[in-house]
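Before I ask anything, here is the structure I am working with.
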Amino acid sequence: MNRELINTLAKDNDKWRNVALKICGDYDTAQDLVQEMYIKFSKDTYDNYTEVSDYLVALVIRNEYMRGLKKKYNPDDTLKEFRIQDDFDLVDEVSNFEIDDSNIVYVNRFRELPMRQQELILESYDFSVREIAERHNINYRYVHRQIIAGIKEVLREDFDKYVNSNLKYKKI
């Protein structure tokens with residue numbers, strides 16, 4: 001067991017707990033992940049280390065979290081691979097819906113928006129502006145401005161009707 005490495009890591013215990021909390025979103029689980037991280041670094045594999053990078057610590061915490069998810073959702077180990085699909089295509093997901101001819105112009109305008117604005121607008125259906133800002137670590141006013149600007153660009157002349165409706169975003 002490498003006491004020197006464990007003592008070095010323990011000095012930043014709050015930082016590791018915050019990293020774990022950002023990964024899992026639950027305080028109790030974050031505590032468990034940090035404990036698992038200490039156990040992992042106390043193994044013989046890390047005997048020659050006196051320090052490790054923050055990246056490696058975060059990677060160990062993330063891997064422990066993923067291992068826990070795999071055990072939780074696949075207790076009998078029937079799933080042999082755990083992959084995250086990178087090539088998600090929004091067009092394929094919504095292609096089974098028929099778009100009314102009067103709304104095609106809005107869809108085309110939406111597709112012309114910068115990708116960042118598209119992402120923020122789509123996320124605004126599920127999360128508040130503050131939650132989006134916290135998730136991406138950006139200013140919430142920036143998120144709000146980008147969403148409003150994107151909606152204005154998509155709706156153009158119909159924006160005033162939208163603002164006067166009972167929907168979420170209002171003109172400021």
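Looking at (1) acidic (D, E); (2) surrounded by 13 or more Cβ atoms within 10 Å (Cβ to Cβ); (3) modelled with pLDDT under 90, which is the only condition E131 fails?
E131 satisfies every listed condition except (3).
Go through (1) modelled with pLDDT under 85; (2) over 30 Å from I39 (Cβ atoms); (3) of a type in the set (F, W, Y) one by one and return the number of the condition Y73 breaks.
The number of the failed condition is (2).
For every residue, the table says whether it meets (1) part of a loop (DSSP other than H, G, I, E, B); (2) at pLDDT 85 or above; (3) among the acidic types (D, E); (4) in the same structural domain as E112 (by TED's automatic domain parsing).
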{"site": "D14", "(1), (2), (3), (4)": "no, yes, yes, no"}
{"site": "V19", "(1), (2), (3), (4)": "no, yes, no, no"}
{"site": "K22", "(1), (2), (3), (4)": "no, yes, no, no"}
{"site": "M37", "(1), (2), (3), (4)": "no, yes, no, no"}
{"site": "Y55", "(1), (2), (3), (4)": "no, no, no, no"}
{"site": "L59", "(1), (2), (3), (4)": "no, yes, no, no"}
{"site": "R62", "(1), (2), (3), (4)": "no, yes, no, no"}
{"site": "Y65", "(1), (2), (3), (4)": "no, yes, no, no"}
{"site": "G68", "(1), (2), (3), (4)": "no, no, no, no"}
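Could you list, in sequence order, the residues of the stretch 134-149 that are within 18 Å of the chain's Cα centre (by Cα) and farther than 15 Å from E119 by Cα?
Of everything in the stretch 134-149, just one residue is within 18 Å of the chain's Cα centre (by Cα) and farther than 15 Å from E119 by Cα, namely N139.
While we're on this one: Name the single residue that is modelled with the lowest pLDDT among those in the stretch 89-107 being closer than 21 Å to Q146 by Cβ and within 27 Å of the chain's Cα centre (by Cα). I'd like the intermediate steps shown before the answer.
Just the residues of the stretch 89-107 that are closer than 21 Å to Q146 by Cβ, to begin with: 90, 106-107.
Pick out the ones that are also within 27 Å of the chain's Cα centre (by Cα) and you get 90, 107.
Values: L90: 40, V107: 82.
Step by step, filter the stretch 89-107, then rank; the result is L90.
K80 - would you say it is surrounded by 10 or more Cβ atoms within 10 Å (Cβ to Cβ), modelled with pLDDT under 85 and over 20 Å from the mean Cα position of the chain (by Cα)? Before you say what the answer is, go through the steps one by one.
Numbers: surrounded by 10 or more Cβ atoms within 10 Å (Cβ to Cβ): no; modelled with pLDDT under 85: yes; over 20 Å from the mean Cα position of the chain (by Cα): yes.
So K80 fails the test.
Condition first: closer than 23 Å to D47 by Cβ and buried (at least 17 other Cβ atoms within 10 Å of the Cβ). Now tell me which residues in the stretch 1-23 satisfy that.
First, the residues of the stretch 1-23 that are closer than 23 Å to D47 by Cβ: 1-13, 16.
Within the stretch 1-23, N2, L5, L9, W16 meet the criteria.
The values are calculated or read from the model by the stated rules, or taken from the named source; none is laboratory data. Since this is a predicted model, take the numbers as computed values, not measurements. Ideal geometry is used to build each Cβ from the backbone, glycine not excepted, and the neighbour counts take in all protein chains shown.
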